[in-house]
């Protein structure tokens, strides 16, 4: 399964539009918050199923975290602000272990991160609109096949 992973799009359609050709090729898109309304725009432009959570800049009455299974992998998605990701991964690691997640997807920092700890993959795609920490505007495409995970960073 091919999954597009985006976060922190902040209503900047010009940058989202650059991602559309890539995201159209995905089976699923995950939006890790800020701005939830952008997930509706991306869905409209790609006609691809999308799972999205609320971020700290969102005011819609939607879930701020979700856990679900894809290709035998439990994926936990949140924005990250409620787990203090600006200060490290300790709180989100605790949650991931508690729910037996295989993959944790979050945003909030606008800084890309891909690290594996204790068999759990922690992934922040960065921001496609307002990158920080010297990173570029980007998102991630994740392929899950035959119990393997392959990641591709797409810089826009």
Among 12, 128, 142, whose mean-square fluctuation peaks in a Gaussian network model of the chain (Cα, cutoff 10 Å)?
-> 12
Please tell me the relative contact order of the chain in percent, rounded to the nearest whole number, where contacts are Cα pairs under 8 Å and at least six residues apart.
-> 24 percent
Rounded to the nearest 0.05, what FRET efficiency do residue 66 and residue 149 have when you use their Cβ-Cβ distance and R0 = 22 Å?
-> 0.75
Taking a ≥ b ≥ c as the square roots of the Cα gyration tensor eigenvalues, with a/c under 1.5 meaning rounded and otherwise prolate when a/b beats b/c or oblate if not, segment 12-83 comes out oblate
Could I have the simple spin-label model distance between residue 130 and residue 90, label points 7 Å from Cα toward Cβ, reported in nm to one decimal?
-> 2.7 nm
The chain: Rg/Rh from Cα coordinates, Kirkwood Rh?
-> 0.92
Please label the shape of segment 68-126 as rounded, prolate or oblate, based on the square roots a ≥ b ≥ c of the eigenvalues of the alpha-carbon gyration tensor (a/c under 1.5 means rounded; beyond that, a/b larger than b/c means prolate, else oblate).
-> prolate
Heads up, segment 89-156 by the C-alpha gyration tensor (a ≥ b ≥ c square roots of eigenvalues; a/c under 1.5 rounded, else a/b over b/c prolate, else oblate) looks oblate
What number, in percent, do you get for the relative contact order of segment 68-156 if the mean sequence gap of Cα pairs under 8 Å and at least 6 apart is divided by its residue count?
-> 21 percent
Please find, in a Gaussian network model of the chain (springs between Cα atoms separated by less than 10 Å), the residue of 104, 140, 85 whose mean-square fluctuation is greatest.
-> 85
Comparing 132, 117, 11 in a Gaussian network model of the chain (Cα, 10 Å), the one with the largest mean-square fluctuation is 117
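We did not get these values from a lab; they are worked out from the coordinates using the rules stated. What you see is a predicted model, and the numbers here were worked out from it, not measured in a lab. Glycine also receives a Cβ, built like all others from the backbone with ideal geometry; neighbour counts cover every protein chain displayed.
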